[in-house]
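Since the structure comes first, as structure tokens, the remarks are kept for the end.
Derivation of every value follows stated rules applied to the coordinates shown; laboratory data play no part. Only a predicted model underlies this, so the values are computations on that prediction, with no experimental measurement involved.
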Amino acid sequence: REAEIRNTILAQVLDQAARARLSNLALVKPDKAKAVENYLIQMARFGQLAGKVSEQGLIEILEKVSQQTEKKTTVKFNRRRVLDSDEEDDD
């Protein structure tokens with residue numbers, strides 16, 4: 001029932017090309033497609049969409065969602081001091 005409602009809302013807010021792109025995305029990256037769907041449905045509920053979203057509009061939304069969910073990879077070097085035989089004083 002919920003999936004039916006989601007599909008109905010998405011059909012109302014997306015044009016044909018945008019729906020095709022979103023369904024292709026769902027095959028490759030279901031998590032990202034779900035996030036975009038949620039974003040679109042939320043915008044539709046609050047009346048923030050003026051007319052149907054085109055394919056270009058969907059691409060812009062995809063970029064926004066990608067930036068928000070982007071995973072930051074950090075590499076931390078933990079350098080330990082090791083006593084070298086060169087540093088020792090040989091008296």
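For segment 1-68, what's the relative contact order in percent, using C-alpha pairs closer than 8 Å and at least 6 residues apart?
Rounded, it is 42 percent for segment 1-68.
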Notebook entry, point to check: What is the mean projected area of the alpha carbon convex hull for segment 1-68, to one decimal in square nanometres?
Noted result: 4.3 nm²
Next item on the list: Grab the Cα-Cα distance for Gln16 and Asn78, subtract it from 0.36 nm times how many residues apart they are, and report the gain in nm with one decimal.
Entry: 17.1 nm
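For the chain, what is the calculated [θ] at 222 nm in deg cm²/dmol (nearest 500), taking -39500 (n - 2.57) for each run of four or more DSSP H residues and dividing by its residue count?
Helix contribution divided over all residues of the chain: -20000 deg cm²/dmol.
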